[in-house]
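Reviewing the structure listed below.
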Amino acid sequence: MSDVVTLERRGETALIRIDNPPVNALERAVRDGLRVAVAQVRDDPDIRAVVVYAAGRTFVAGADIAEFETPDFETDGFREVLDQIEALDRPVIAAIHGTALGGGLELAMACHYRVAVPTARVGLPEVTLGLLPGAAGTQRLPRLAGAEKALDMMLTGRAISAREAVQAGIVDELLEDELVPGALAFAEQVAQRNDPLPRTSPRAVDPATVPDQLFQRAREQLVKRPTGNPGPSRIIQCVEAAVQLPFEQGVELEARLFQECRESRESAALRHRFFAEREARKIPGLPRDLELRPVKRVGVVGAGTMGGGIAMNFLSAGLPVVIVEAEQAALDRGIGLVRKNYEASAAKGRMSASQVDACMALLHGTLDYADLADCDLVIEAVFENMQIKETVCQRLGEVCKPGAIIASNTSTLDVNRLARATGRPNDVLGMHFFSPANVMRLLEVVRGGDTAPEVLATVMQLAGAIGKVPVVSGVCYGFIGNRMLESYLRETEFLLLEGATPSQVDRAIQSLGLPMGPCRMIDLAGVDVAAKVVIEHRATGGLPDDPAYRAVVQALMEQGRHGQKTGAGYYRYEDRKPLEDAEVLELCGQLARRFGIEHRRSISDEEIIERCLYPLINEGARILEEGIAYRPGDIDTVWINGYGFPDYLGGPMFWADTVGVQEVCQRLADYADLRGNDHGYWDRSALLERMAAQGLAFSDWPFS
Ligand code: 3H9
């Protein structure tokens with residue numbers, strides 16, 4: 001017997017146990033082990049029933065995603081063993097706990113019966129990896145649950161509860177007993193009944209149960225909202241085949257389409273994303289068993305939009321929050337906004353009224369810093385200004401109890417300076433939430449020069465517990481995300497000064513798949529907010545001596561064009577619809593003349609994409625070279641979760657590999673020649689140059 005699959009007899013029932021931590025992925029050794037176990041059952045006439053279950057925290061959570069990178073990967077090995085299970089002449093029962101996902105649910109569907117503990121969840125999330133279920137899941141699920149339900153589950157990748165799975169016909173029974181005893185009792189019952197074995201593959205989907213136009217409507221949705229993900233259109237094709245074709249033919253189609261997806265760049269990018277997000281939680285040099293500081297109560301300073309949003313993360317996770325404001329009116333407004341946000345969620349059916357009340361009951365507002373004395377973590381979210389933040393940090397250093405963690409939500413300021421202001425820099429780090437803080441998944445965790453290892457580890461763990469995707473950044477201006485954004489916005493503005501229009505820049509960037517180009521993005525975030533960041537950056541000596549540097553955003557602010565909220569910014573707005581504005585084009589023309597920038601008749605989309613994104617990649621390489629980010633995947637995780645970079649492009653560094661690092665480097669050199677390089681805008685990072693010279697890709701990181 002193999003290490004990962006064992007067979008044990010319990011009376012007349014065989015117990016097949018899969019034990020392949022951490023998530024019992026269906027890797028080759030598991031498939032081989034299952035094959036051996038099935039043969040053993042086949043050869044033993046005394047076995048009357050079989051239970052398949054998994055050890056540890058979950059049933060099988062899918063195929064081993066890393067295996068898809070093997071160039072000659074085949075789905076046959078999966079389907080063969082599942083078919084052998086289904087073909088057994090004694091009842092086979094899958095006993096599910098934790099999550100049966102992807103290949104895990106496909107394994108369960110090949111069994112004759114499925115039982116589950118009530119907390120279990122089942123789903124086919126392959127689409128999130130740019131794939132479709134490749135072990136006959138597209139054919140078995142419609143036969144069990146109907147085409148409509150199957151299509152919905154596969155297109156959304158959503159896992160459903162065991163209870164919902166029973167209603168859908170996917171799970172036969174919820175276990176009241178514990179997993180193995182419950183499944184054994186179920187097995188004995190079915191063995192005694194001696195019913196014909198309910199195999200899934202010979203069933204047909206009754207066409208009468210398929211809603212009219214189901215597949216056509218699904219295709220129309222895809223046209224309306226294209227995703228760049230190769231999975232959905234092929235999933236529709238497979239489910240349609242499950243309705244129309246015999247099982248074998250459907251499976252053949254599935255195998256072919258699965259390979260098309262697996263070999264696509266988009267699926268490779270989505271798989272990269274999966275592992276990058278998990279890798280980002282690991283901090284080099286920190287022992288895994290570090291003792292964490294307990295966090296049971298959280299404090300937030302500042303009840304503005306940001307502070308309120310930050311508080312909601314903890315309230316929703318059941319942690320009490322103390323929120324401090326300077327004035328009663330601001331406090332009331334802030335708390336009112338938190339309630340309003342929760343009520344909006346309740347109105348959309350995402351939470352119940354009693355859940356809203358429970359969250360609000362955990363929130364305590366105060367004007368007195370002394371009320372923070374019991375908190376284990378305090379996050380300041382006051383106005384982005386060094387003097388104000390330093391004063392707040394000093395107070396926090398005094399009032400917070402020993403061992404409490406103090407965090408700043410700054411997006412640009414020097415975390416080391418703020419740490420010193422507290423007088424206890426070991427306890428301090430940055431927690432840079434993205435707006436709206438209760439919605440956006442990214443959290444940049446800024447590691448200060450003196451941050452204690454267990455403080456960093458505690459916050460990384462806590463971030464996961466509140467549903468965030470945390471990425472560690474070192475201390476620098478703008479950390480990982482905003483620092484890279486700066487070069488993107490710099491080139492956006494130079495392109496406008498050279499004669500490109502906001503809509504042209506936005507369209508070119510959106511053609512890559514970004515949901516919003518830079519001009520629309522600033523209009524939404526606030527031109528005033530963006531301009532103030534530039535002004536502050538200049539005041540602290542962080543900008544080159546170039547009067548044309550981001551002159552457009554500052555001029556727009558001076559004209560009161562603060563973006564969508566004032567009805568005008570880079571665009572003018574009618575009913576929130578952005579329209580090109582001749583005044584903005586005129587303004588750009590005037591600024592260009594003032595700074596001696598030549599107006600060009602035509603600027604290609606290709607140039608816009610290269611000029612906006614290649615410097616951003618170059619800055620990413622600098623961030624790696626300086627050790628601000630640990631790995632290229634961390635940068636990709638920031639851009640996908642914080643800035644809407646399309647996940648099917650894998651993030652900017654993954655995308656750079658797709659374009660070719662040598663090409664990126666060469667084009668940066670070309671633009672230095674073409675546009676001039678007086679201010680060093682086109683200087684290539686040493687790392688990028690080395691990579692280009694040695695033919696390295698970011699996926700080769702870490703380089704020796
Ligand atoms: C598939 O099944 C295709 C089929 O149709 C067959 C085709 C022929 N593979 O997320 P966590 C690792 S496609 C490899 O932190 P949690 C993960 O990297 C697959 N590794 O835990 C991490 O490693 P490390 C369809 C995997 O408790 C560790 O396990 N299935 C896989 O927060 C813990 O993971 C899916 O897409 C995997 N399949 O969440 C499900 N899964 O510790 C993917 C996990 O070194 N998995 N790892 O960083 C999940 O959604 C979550 O992991 C799960 C647990 C909900 C199961």
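The values are calculated or read from the model by the stated rules, or taken from the named source; none is laboratory data. Keep in mind that this is a model prediction, so the values were computed, not measured. These accessible areas exclude ligands, DNA and RNA; they are computed on the full protein's heavy atoms, side chains included. Shrake-Rupley method; radii C 1.70, N 1.55, O 1.52, S 1.80 Å.
For a test of the definition: using alpha carbon positions, the gyration tensor, and the 1.5 limit on a/c, classify segment 1-131 as rounded, prolate or oblate. Spell out each step's value before the answer.
Details: a/c = 1.79, a/b = 1.39, b/c = 1.29.
Taking the square roots of the gyration eigenvalues as a ≥ b ≥ c, segment 1-131 is prolate.
Enter the Cα centre distance for the pair segment 122-159 and segment 82-96, rounded to the nearest angstrom.
Segment 122-159 and segment 82-96 have Cα centres spaced 20 Å from each other.
Does segment 41-109 come out rounded, prolate or oblate by the C-alpha gyration tensor, with a ≥ b ≥ c the root eigenvalues, rounded set by a/c under 1.5 and, if not, prolate when a/b is larger than b/c and oblate if not? Write down the numbers at each step before the final one.
Values: a/c = 2.79, a/b = 1.41, b/c = 1.97.
The shape class here is oblate.
For residue 379, list long-range residues whose amide hydrogen, built 1.01 Å from N in the peptide plane, is under 5 Å from its own amide hydrogen.
Counting only residues 5 or more places away or on other chains, the set is 299, 300, 301, 407.
Helix 147-156 versus the longest principal axis of the chain: what angle, 0 to 90°, nearest 10, using Cα atoms?
40
Could you sort out which of 224/340; 224/348; 296/401; 532/577; 296/468; 532/565 sit more than 21 Å apart by Cα distance in this structure?
In this structure, 224/340; 224/348; 532/577 lie more than 21 Å apart at Cα.
Below 13 Å, Cα to Cα, which aspartates and glutamates can residue 149 reach? Residues fewer than 8 away in the same chain don't count.
164, 240
Could you give the distance between the Cα centres of segment 425-461 and segment 365-414, to the whole Å?
Their Cα centres are 13 Å away from one another.
How large is ³J(HN,Hα) for each residue in segment 355-364, as worked out from phi by the Karplus curve 6.51 cos²θ - 1.76 cosθ + 1.60 (θ = phi - 60°), to whole Hz, x for Gly and Pro?
5, 4, 4, 5, 5, 5, 5, 7, 9, 10
Cross-link partners among aspartates and glutamates for residue 282, C-alpha distance below 17 Å, same-chain residues fewer than 8 apart left out?
Qualifying aspartates and glutamates at Cα under 17 Å: 291, 444, 454, 634, 636.
Can you tell me how much longer the chain between residue 69 and residue 354 gets when fully stretched, taken as 0.36 nm per residue apart minus their C-alpha distance, in nm with one decimal?
Numbers: separation 285, 0.36 × 285 = 102.60 nm, distance 4.68 nm.
Result for the pair: 97.9 nm of gain on full extension.
Could you work out the helix-only [θ] at 222 nm for the chain, with each DSSP H run of four or more residues adding -39,500 (n - 2.57) and the total divided by the number of residues, to the nearest 500 deg cm²/dmol?
Values: 28 runs with 341 residues, N = 704.
That comes out to -15000 deg cm²/dmol.
For helix 265-279, report the angle its Cα long axis makes with the longest principal axis of the Cα atoms of the chain; keep it between 0 and 90° and round to the nearest 10°.
80
Taking amide H positions as placed 1.01 Å from N in the peptide plane, with prolines and chain starts having none, which residues 5 or more places from residue 431, or on another chain, fall under 5 Å of its amide H?
408, 409, 410, 446
Between residue 563 and residues 5 or more places away or on another chain, which pairs have amide H atoms under 5 Å apart, with H built 1.01 Å from N, and which residues are they?
527, 568, 569
Express in whole angstrom the spacing between the alpha-carbon centres of segment 302-328 and segment 483-562.
Answer, in whole Å: 31.
Measuring with a 1.4 Å probe in the full set of protein chains, what accessible area per residue, in whole Å², belongs to the chain?
Ligands and nucleic acids excluded, the figure is 42 Å² per residue.
Assign one of three labels to the chain, namely rounded, prolate or oblate, based on the Cα gyration tensor with a ≥ b ≥ c the square roots of its eigenvalues; rounded applies when a/c is under 1.5, prolate when it is not and a/b is larger than b/c, and oblate otherwise.
Details: a/c = 2.03, a/b = 1.57, b/c = 1.29.
Here the chain falls in the prolate category.
Whole-Hz Karplus ³J(HN,Hα) for segment 113-119, in order, using 6.51 cos²θ - 1.76 cosθ + 1.60 and θ = phi - 60°, x for Gly and Pro?
9, 10, 10, 8, 6, x, 7
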